[in-house]
Amino acid sequence: MSQEPPAQQQSYPGETGPMRPQPRDEMGDYTGRDLLADKKALVSGGDSGIGRAVCAAFAKEGADVAIGYLSEDAEAEHTAELVRRQGRRSLQIRGDVADEQHCYDMVEQTAGEFGRIDVLVVHAATQEPVSDFAELSTEQLRRTYEVNVFGAFWTVRAAAPHLAPGASVVITGSVNGLRGNKSLIDYATSKAAVHNLTHSLAQHYMQDGIRVNCVAPGPVWTPLIPSTLGEEKVEGFGSHAPMGRAADPDEIAPSYVFFASNRLSSYYTGEVLAPTGGEIQAS
């Protein structure tokens, strides 16, 4: 990011347009190398932020991309247009991954349109901070886990019959799942769960030639931030990172390309890659 964000807030789930500064999320200066030529990808939470950058990067690498999203129609259409500009097919699928049936339908729509799924990115997530653990309601806890954990389980399980040897699954974790967060306790523990899900699924699917990996970013400037954090936490967001700033989505998306491409990461499975702006993680 070229500047620290000023105080600002939006209603959930947020939009890119009102954000100040505007995030770099279209991979405009990225040049593809056919790393995903003719691959078929499904990206949940693909409408904006990291998800948008991943969809744009995949298209530049030659993939057709299905974009799963909650309710942000205009955002999803913008991302779909980025895919189409590369001469690739796009598919927009609206719905909530907290609904088990929707996860199944999202996968079936993708497989029906594209014929198969070569790359599955499980990215949709939610967060809501609390100042006191005692304020964390059961309703919020359930919602966080239904989206972040159950949604991941349901989506991968639905996709499994469509994944052939050589397929790649990439799950989005978080630095908070690696080191905790005092005000995002339910979110941090849900991300720790998907890190372990990555390890477990990697072992489970290794004999089938399907790789499962995880990207666990540090602070990234996306619509989720001004739509879930208070103004005082949005102001200067990411300045606590060793690099002194948050990442733009364009800086994180190449990690997903790396894991999606067999040419780059054929010997990687069960890995958690943490682009955190210099925060060293204990092994």
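Please work out whether the stretch 120-216 counts as rounded, prolate or oblate from its C-alpha gyration tensor, where a ≥ b ≥ c are the square roots of the eigenvalues and a/c under 1.5 means rounded, while otherwise a/b larger than b/c means prolate and anything else oblate?
Numbers: a/c = 3.19, a/b = 2.18, b/c = 1.46.
Prolate, because a/c is 1.5 or more and a/b exceeds b/c.
Taking every pair of Cα atoms in the stretch 1-100, average 1/r, invert it to obtain the Kirkwood radius, and report Rg/Rh to two decimals. Walk me through the numbers on the way to the answer.
Working: Rg = 14.0 Å, Rh = 14.0 Å.
Rounded to two decimals, Rg over Rh is 1.00.
Sorted by mean Cβ packing within 10 Å, highest first, what order do the peptides 189-201, 106-118 take?
Working: 189-201: 20.5, 106-118: 18.8.
The densest-packed peptide leads the list: 189-201, 106-118.
When the Kirkwood radius is taken over all Cα pairs of the stretch 170-283, what Stokes-Einstein diffusion coefficient follows at 25 °C and 0.890 mPa s, in µm²/s?
On the way: Rh = 14.9 Å.
Reported coefficient: 164 µm²/s.
Can you tell me, using C-alpha contacts under 8 Å and at least 6 residues apart, the relative contact order of the chain as a whole percent? Before the final figure, lay out the partial values.
Details: 621 pairs, mean separation 65.0, N = 283.
In percent, rounded to a whole number, it is 23.
Specify the inter-centroid distance of the stretch 134-194 and the stretch 1-55, based on alpha-carbon positions, in whole Å.
A separation of 20 Å, based on Cα centres.
Once the cut-off is 31 Å, how many percent of the Cα-Cα pairs in the stretch 40-273 end up in the long-distance tail? Walk me through the numbers on the way to the answer.
Details: 4361 of 27261 pairs.
Everything past 31 Å amounts to 16 percent.
Each reported figure results from applying straightforward, stated rules to the coordinates on display, with no laboratory input. Keep in mind that what you see is a predicted model, and the values were worked out from it rather than measured. Reconstructed Cβ throughout: ideal geometry from the backbone, glycine too, with neighbour counts over all protein chains shown.
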